[in-house]
Amino acid sequence: MANYKQILVAVDFSEHSERAIERAQELAIEDGGALNLIHVVDYFPAMDAAYDGALAFSVDMTDELVSASKNRLKVLAEKYQLKDEQLFVEVGAIRNEVIDKADKHGTDLIVIGSHGWRGIDLLLGSTADSILHHAKCDVLVVRID
Ligand code: AMP
């Protein structure tokens, strides 16, 4: 079994991704590795231009969502005894941001839940599937029943 030294858990704040954190923490303890959490704010502002004048103004909640995400990660950090430097919030496409952070941070294992908020209609959620197919390091998909 590989010894994972830098483990990155993709967190969507669903109870499913908490299961992924717990599994990742077990591995980090076994391997003496570092555990890091990332949440991606996958949000596009509603721009008036996109709706051809249908909106009276543009609405951009990115800053609020980033701030709320940082607060929620801090709650998880207290629960799992992580430091600020182990928490990441990025804005963009989930797959790209998770893989980019993994590459830049020397991650050797990405941990994701098999499903997130969108339920378990599919065998594997679309985010999980996409990360699994594009990551350059190992990926552990924690099965959510
Ligand atoms: P999904 O494929 O959307 O059902 O989600 C599967 C898994 O992808 C979740 O359990 C999380 O580990 C991860 N994930 C989903 N959305 C996000 C997000 N916005 N930021 C980080 N990880 C996410």
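For the range 109-121, the count of residues that are surrounded by 12 or more Cβ atoms within 10 Å (Cβ to Cβ), touching a residue at least 12 places away in the same chain (Cβ under 8 Å) and more than 12 Å from the ligand (Cβ to nearest atom) is nonzero. Within the range 127-143, restricting attention to residues that are among the small types (G, A, S) and within 16 Å of S17 (Cβ to Cβ), the residue that is surrounded by the fewest Cβ atoms within 10 Å (Cβ to Cβ) is S130. With respect to (1) touching a helix residue (DSSP H, G or I) at 6+ places or on another chain (Cβ under 9 Å); (2) within 16 Å of A24 (Cα to Cα); (3) assigned to a helix (DSSP H, G or I), the lone exception for A128 is condition (1).
Residue count for the range 89-105 under the criterion of being touching a Lys or Arg at 6+ places or on another chain (Cβ under 8 Å) and in contact (Cβ under 8 Å) with a residue 60 or more places away in the chain: the result is 1.
Only a single item in (1) at negative phi; (2) small (G, A, S); (3) away from the ligand (no atom under 15 Å from the Cβ) is not met by S126, and it is number (3). For the range 28-60, filtered to residues that are of a type in the set (A, V, I, L, M, F, W, C) and within 20 Å of F88 (Cα to Cα), the residue that is modelled with the lowest pLDDT is F44. When we screen V139, V89 for residues that are farther than 14 Å from D12 by Cα, touching a helix residue (DSSP H, G or I) at 6+ places or on another chain (Cβ under 7 Å) and part of a strand (DSSP E or B), the only hit is V139. The C-beta contact set for the range 1-26 (first residue of a type in the set (S, T, N, Q), second residue part of a helix (DSSP H, G or I), distance under 9 angstrom, 6+ apart or interchain) comprises N3/E30; N3/D31; Q6/A102; Q25/Y80.
The values are calculated or read from the model by the stated rules, or taken from the named source; none is laboratory data. These numbers come from a predicted model, not from an experiment. In this analysis, Cβ positions are derived from the backbone assuming ideal geometry, glycine residues included, and neighbour counts consider all displayed protein chains.
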